[in-house]
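Below you'll find the structure, written out as structure tokens, and then a few comments.
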Amino acid sequence: MILVVESVPNLIDLVQRNKENGVSIGFVPTMGALHKGHLSLVRKAKKENDLVIVSIFVNPTQFNDKKDLEKYPRTLESDISLLLTARADVVFTPASSEIYPEGDQKGNDIDLGGLDSYMEGAFRPGHFKGVAQVVKRLLDIVTPDRLYMGQKDFQQFTIIAHMIRTLKIQTDLVVCRILREANGLAMSSRNERLTKETREKAGIIYKTLQSVKKYQNTKSVKELEDYGMKRLNIAPFIPEYFTICDGNTLKPIQNINDTSYAVACVAVWGDGIRLIDNIILKK
Ligand code: PAF
């Protein structure tokens, strides 16, 4: 059985009752259009907590492109059946007015320590302000013991980790590994919008990341980044950035030896859809 809760007071009530009984809570925030990647977060949360709450809320404030927001897949019924199979306990499906009762500008000013100035943040102005705003609001409502996020959105989880630290939010962030399709393409709700052909060809993104990892000790960062951009500049793809950065500060690095935690992050357009992926080079 799975409980669908739409209102904030009802969810707060449910959380309160469970906490009074010593029930631990795992929380997986999503925007729906669920795939196996999301379900792996739910399954991990289920192993580590008594009660698992999944939110499905397509957050308008994190879309810098209105068309992307309109086109974002909304598949509530199939999402709920998938969550049943992954044994989630509660699905929280609030309306925008529940999340932003005072309008969606409120709470849009969380300090992100400059972590939003690179990569995704540079190409999607305001995106991470919206992500931090909604995750903070959701954490205030759900007050989970553990929060589950995927490694695919590397910059996102790094920014949320920073927010949790600086605002002293009482929750443990658990980052889960990237799930991939058979050809290596990182699972994403956006993959559904690719043509079959582009989806097959998109395996090149992960192959490129793997090659960069392989050559990290024999080539300079600049050479690796240029190689990444060049290899992904093949129809129907247009690479947006290929950046090797420090995994903690997200600052681009000049030399792999400048850090003990190096990550290669990439964004690529295909069929008008933006795909992102990353690989940890060393940690
Ligand atoms: O990764 C996502 O799906 C969203 O950015 C999140 C974390 C659910 C916030 O809306």
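Each value in this text was obtained by applying a stated rule to the coordinates, not by laboratory testing. Only a predicted model underlies this, so the values are computations on that prediction, with no experimental measurement involved. Quick reminder, even Gly has a Cβ in these numbers, built from the backbone with ideal geometry, and neighbours come from all protein chains shown.
Once the convex hull of all Cα atoms in region 1-123 is built, its volume per residue stands at 144 Å³. Helix 76-85 and the long axis of the chain differ in direction by around 90°, with both axes built from C-alpha atoms.
Around the amide H of ARG180, modelled in the peptide plane, lie the amide H atoms of MET187, all under 5 Å away and 5 or more residues distant in sequence or on another chain.
Among the listed pairs LYS201/LYS283; LYS67/LYS282; LYS71/LYS214, those whose Cα-Cα separation exceeds 32 Å are LYS67/LYS282; LYS71/LYS214.
Sites listed here are trypsin sites (Lys or Arg not before Pro) in region 49-92 whose DSSP assignment is loop and whose Cβ has at most 15 other Cβ atoms within 10 Å: ARG74, ARG87. Under 25 °C and 0.890 mPa s, how fast does the chain diffuse according to Stokes-Einstein, given a Kirkwood radius computed over C-alpha pairs? Answer in µm²/s, whole number. Answer from the Stokes-Einstein relation: 125 µm²/s.
When only alpha carbons of region 163-283 are considered, Rg and Dmax amount to 15.5, 46 Å. Relative to the longest principal axis of the C-alpha atoms of the chain, give the angle of the C-alpha long axis of helix 127-142, reported between 0 and 90° and rounded to the nearest 10°. Helix 127-142 sits roughly 30 degrees off the main axis of the chain.
Its alpha carbons considered, region 186-245 gives a radius of gyration followed by a Dmax of 12.5, 37 Å.
Counting only alpha carbon atoms, the long axis of helix 154-166 and the longest principal axis of the chain meet at about 50°. Within region 54-213, antiparallel bridges make up roughly 10 percent of the DSSP beta bridges whose residues both belong there.
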